[in-house]
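Enquirer: Below you will find the structure I want to go over with you.
The values are calculated or read from the model by the stated rules, or taken from the named source; none is laboratory data. Everything quoted here is computed from the prediction, not taken from an experiment. Cβ placement follows ideal geometry from the backbone for every residue including glycine, while neighbour counts extend to all protein chains displayed. For accessibility, only protein heavy atoms count, side chains too; no ligands or nucleic acids. Shrake-Rupley method; radii C 1.70, N 1.55, O 1.52, S 1.80 Å.
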Amino acid sequence: MRIVLVGPPGAGKGTQAHFIASHLAIPRISTGDIFRYNVANNTDLGVKAKEYMDRGDLVPDEVTVAMVRDRLAESDAKAGFLLDGFPRNLPQADTLKKILAELDQRLTVVLELVVDEDEVVRRLSGRRTCRRCQRVWHVLYEPPTVAGVCDDCGGELFQRDDDKEEVIRHRLEVYSSQTSPLIAFYADEGILVGIDATGPVEEVTARALSALQPYVH
């Protein structure tokens, strides 16, 4: 199975990608992991990406795409994979289609995690990070025993700037503008499946695996 996982920030993509890939015994391929691997191993692409990252610039599409192309050509991805974090926009989706055609492959299904914007804001704006040990708590779902104090180390909890409501809503706007055409593209290809991504993690995983069942060969 060759799966692309899409969904807004806060939809639980990383968590679900891990469980789904593990259940289907296929590699989970995330752009974050690919970047870290290439940078840590000083590959040509890693060196190039680091130059942009060190300047605080976005790594251009062609570098990201080249890393993904290399990763998809590796032996463990031949029988299938789950892509998490790529493609993010229509040009990347077009490029992915070409890469897979070169490898004589095609996507099986695109799984969209559907979650209400207010629920995303609730999930992300409730996060509090410990200044000392960096553990993340949640004011609603995993509150510390004493408000504002980390149970693990007694450090002060704070709200990161990117967990503030106005920042989250802006990120959701950016996601929507970039990804709506992507969703439409895969819907037109007839391989888009959406599932409700609200509720306990285990329930969302069960929904995802059930939605993917018709595509398992």
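Enquirer: Using θ = phi - 60° and the Karplus relation 6.51 cos²θ - 1.76 cosθ + 1.60, list the HN-Hα couplings for the stretch 73-89 in order, rounded to whole Hz, with x at every Gly or Pro.
Expert: Listing the rounded values in order: 7, 6, 4, 5, 8, 5, 8, x, 6, 10, 8, 10, x, 8, x, 9, 8 Hz.
Enquirer: Helix 13-24 versus the longest principal axis of the chain: what is the Cα-based angle in degrees, 0 to 90, to the nearest 10?
Expert: Relative to the chain, helix 13-24 is tipped by roughly 50 degrees.
Enquirer: Shifting gears a bit: With all protein chains present and a 1.4 Å probe, how do Glu166, Glu189 order by accessible area, largest first?
Expert: Most to least solvent-accessible, the answer reads Glu166, Glu189.
Enquirer: What's the carbon and sulfur percent of the chain's accessible surface, probe 1.4 angstrom, rounded to a whole number? Kindly include the intermediate steps, with their values, before the conclusion.
Expert: Values: 5920 of 11680 Å².
That fraction is 51 percent.
Enquirer: What accessible area per residue, rounded to a whole number of Å², is obtained for the chain using a probe radius of 1.4 Å?
Expert: 54 Å²
Enquirer: Quick one: which residues, 5 or more positions from Gly7 or on another chain, have an amide H under 5 Å from its amide H? H modelled 1.01 Å from N in the peptide plane, none for Pro or chain starts.
Expert: HN-HN under 5 Å from Gly7: Leu113.
Enquirer: What three numbers, in Å, describe the spread of the alpha carbons of the stretch 17-72 along their principal axes, ordered from the longest?
Expert: 39, 20, 19
Enquirer: With +1 on each Lys and Arg Cβ and -1 on each Asp and Glu Cβ, and nothing else charged, work out how big the dipole of the stretch 68-198 is about its Cα centre, in Debye to the nearest 20. Intermediate results must be reported in sequence, preceding the final value.
Expert: Working: 18 positive and 25 negative charges, 77 e Å.
The calculated dipole for the stretch 68-198 is roughly 360 debye.
Enquirer: Express in whole angstrom the spacing between the alpha-carbon centres of the stretch 60-100 and the stretch 151-217.
Expert: Taking the Cα centre of the stretch 151-217 as reference, the centre of the stretch 60-100 is 19 Å away.
Enquirer: Mind pulling the per residue volume of the convex hull built on the Cα atoms of the stretch 91-217? Å³ is fine.
Expert: Spread over its residues, the Cα hull of the stretch 91-217 gives 157 Å³ apiece.
Enquirer: Another question about this same structure. What is the Cα radius of gyration of the stretch 6-102 over 2.2 N^0.38 Å, N being its residue count?
Expert: Against the compact-globule rule of thumb, the ratio is 1.09.
Enquirer: Something else: Only bridges whose two residues both fall in the chain count here: according to DSSP, what percent of them are antiparallel, nearest 5? Walk me through the numbers on the way to the answer.
Expert: On the way: 7 of 23 bridges.
Among the beta bridges of the chain, antiparallel pairing accounts for roughly 30 percent.
Enquirer: Next question. For every other residue with a beta carbon closer than 11 angstrom to the beta carbon of Ile26, add +1 if it is Lys or Arg and -1 if Asp or Glu, then tell me the sum.
Expert: Surrounding charge for Ile26 is +2.
Enquirer: Sum -39500 (n - 2.57) across every DSSP H segment of at least 4 residues in the chain, then divide by the residue count to get the 222 nm mean residue ellipticity, nearest 500. Can you show the working numbers first?
Expert: Numbers: 8 runs with 103 residues, N = 217.
One gets -15000 deg cm²/dmol as the mean residue ellipticity at 222 nm.
Enquirer: Moving to a separate point now. From Cα coordinates alone, what are the radius of gyration and Dmax values for the chain in angstrom?
Expert: Expressed in Å, the Cα Rg and Dmax of the chain come to 18.5, 56.
Enquirer: Sticking to Cα atoms, compute the Rg of the stretch 44-153 to one decimal and its Dmax as the biggest Cα-Cα distance, whole number, in Å.
Expert: Just the Cα atoms of the stretch 44-153 yield Rg and Dmax of 19.6, 56 Å.
Enquirer: Let me ask something else about it. Show me, for the stretch 148-158, the HN-Hα J-couplings you get by feeding each phi into the Karplus relation (A = 6.51, B = -1.76, C = 1.60, θ = phi - 60°), rounded to Hz, glycine and proline as x.
Expert: Each residue of the stretch 148-158 in turn: x, 10, 6, 5, 6, 10, x, x, 7, 8, 9 Hz.
Enquirer: Ranked from the most accessible area to the least, with a 1.4 Å probe and all protein chains present, what is the order of Met53, Met67?
Expert: Ranked from most to least accessible, the order is Met53, Met67.
Enquirer: Read phi for every residue in the stretch 172-178 and hand back ³J(HN,Hα) as whole Hz from Karplus 6.51 cos²θ - 1.76 cosθ + 1.60, θ = phi - 60°, with x for Gly and Pro.
Expert: Using θ = phi - 60°, the values come out as 5, 5, 4, 4, 4, 5, 7 Hz.
Enquirer: Shifting gears a bit: So which lysines pass the test for Lys50, namely a Cα distance under 27 Å, with those fewer than 8 places away in the same chain ruled out?
Expert: Once the sequence-local lysines are set aside, what remains near Lys50 is Lys13, Lys97, Lys98.
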